Amino acid sequence: MKEMQKQVDNYISQFKEGYFSPLAMLARMTEELGELAREINHTYGEKPKKDTEKEKAIIEEIGDNLFVLICLANSLNIDLEEAHQMVMNKFNNRDKNRWTRKEEVKNNESH
């Protein structure tokens, strides 16, 4: 994750404009999320693409979302590895008994 954040920062740093404001990036993230939703709906939902619509892949849209998220984190000096660890600690503690575990996982935890 640190390498991904560095790659994005290196890319953005070559331009005078730098990072957009957090609010502008949130708007961009919303736009990109909409594009991902559209692709998911075309692939797994009931809404087929129009003949005039360009073919896009879900992986490309996820990549676009990830790029904007990294830009937002970088602009706010947020370490995404730290953010990830915080959320995993939360899920592993607060939500550890929230979902029905698979037998295999239950057995492994008792050892």
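Readers should treat all values here as calculations from the given coordinates under stated rules, not as data from a laboratory. Nothing here was measured: the structure is a model prediction, and the numbers come from that model. Quick reminder, even Gly has a Cβ in these numbers, built from the backbone with ideal geometry, and neighbours come from all protein chains shown.
Going by neighbour counts of Cβ atoms within 10 Å, the residues 19, 44, 11 line up, fewest first, as 44, 11, 19. Take every Cα pair under 8 Å whose residues are at least 6 apart in sequence, average their separation, divide by the length of the range 5-111, and the relative contact order is 33 percent.
Cβ crowding within 10 Å ranks 42, 84 as 84, 42, fewest other Cβ atoms first. Given (i) 7.0; (ii) 11.0; (iii) 7.6, which label gives mean projected area of the Cα convex hull in nm² as computed from the coordinates? Recomputing mean projected area of the Cα convex hull in nm² here gives the entry labelled (ii). Membrane-span-like helices of the chain, defined as complete DSSP H segments with a Cα extent of 15 Å or more along the helix axis and a mean Kyte hydropathy of at least -0.5, are identified as 22-44, 58-75. Only lysine pairs 8 or more places apart, or on different chains, with alpha-carbon atoms under 28 angstrom apart are counted in the chain, and they number 11.
For a footprinting-style exposure proxy, rank 38, 98 by other Cβ within 10 Å, fewest first. Numbers along the way, then the final one.
Details: 38 16, 98 7.
If I rank by nearby Cβ atoms, fewest first, I get 98, 38.
Which is the longest stretch in the chain that no exposed loop site breaks, taking sites as GluC sites (Glu not before Pro) with a DSSP loop state and at most 10 other Cβ atoms within 10 Å? My reading of the result: 56-111 is the longest stretch. Mean residue ellipticity, 222 nm, helices only, the chain: the sum of -39500 (n - 2.57) across DSSP H runs of n ≥ 4, divided by residue count and rounded to 500, is -22000 deg cm²/dmol.
Label point of residue 6 set 7 angstrom out along Cα-Cβ; within the range 44-81, amide nitrogens under 20 Å from it belong to 67-81.
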